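Right, one structure below, let's go through it.
The values are calculated or read from the model by the stated rules, or taken from the named source; none is laboratory data. As the structure is a prediction and not an experimental result, all values here were calculated from the model. Please note: Cβ atoms are built from the backbone with ideal geometry, for glycine as well, and neighbour counts cover all protein chains shown. Remember, those area values only see protein heavy atoms, side chains included, never the ligands or the DNA or RNA. Shrake-Rupley method; radii C 1.70, N 1.55, O 1.52, S 1.80 Å.
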Amino acid sequence: MENIDSNISSEEELVGIDEVQKFLNRSRASVYRYTNTDLRNLNPSFNPRKLNPEFRTDQKDPLKFHPNEVARFAKDILRIKEVTVEVFNTPSSAAQNILLQVLDELKSIRSLLEKNNLKDTK
């Protein structure tokens with residue numbers, strides 16, 4: 001096993017219950033027991049003794065966790081010295097490809113505007 005800090009993705013992807021179960025090497029039921037959830041409160045306040053999911057907008061939304069939160073919980077609460085948390089990027093979707101094209105177009109527009117601004121100030 002490798003050190004947990006070196007395996008957290010810089011992409012800051014969120015992970016689901018299945019991934020947390022694998023990272024912590026615990027059953028799905030125990031992961032749910034560790035999780036900071038409340039039937040009366042969709043987003044309970046941070047509990048340092050629990051595994052805190054990310055913000056949800058609906059009770060039906062799946063629980064998602066930040067890799068740093070999983071690492072914190074593993075180290076501080078479960079006292080696991082080493083655990084591997086790896087987040088793999090999913091293949092690009094059509095929506096992601098379109099957003100990248102839009103971003104490229106906006107960058108080129110900004111570049112043109114900045115060039116025109118420089119010409120106007122001279």
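Residue count for the range 28-77, restricted to those that are assigned to a loop (DSSP other than H, G, I, E, B) and out of contact with any helix residue (DSSP H, G or I) (no Cβ under 7 Å at 6 or more places or on another chain): 25. Take the conditions (1) open to solvent by 70 Å² or more (accessible area, probe 1.4 Å); (2) modelled with pLDDT under 90; Phe55 misses just one of them, which is (2). Looking only at residues in the range 107-122 that are of a type outside the set (S, T, N, Q) and open to solvent by less than 100 Å² (accessible area, probe 1.4 Å), the one that is modelled with the highest pLDDT is Ile109.
Is one or more of the residues making up the range 85-106 aliphatic (A, V, I, L, M), within 20 Å of Ser30 (Cβ to Cβ), modelled with pLDDT of 90 or more and not in a helix (DSSP H, G or I)? Spell out the reasoning first.
Our first condition is that a residue be aliphatic (A, V, I, L, M); within the range 85-106, this holds for 85, 87, 94-95, 98-100, 102-103, 106.
Retained after the next criterion (residues that are within 20 Å of Ser30 (Cβ to Cβ)): 85.
Among the residues that remain, those that are also modelled with pLDDT of 90 or more are: none.
Within the range 85-106, not a single residue is aliphatic (A, V, I, L, M), within 20 Å of Ser30 (Cβ to Cβ), modelled with pLDDT of 90 or more and not in a helix (DSSP H, G or I).
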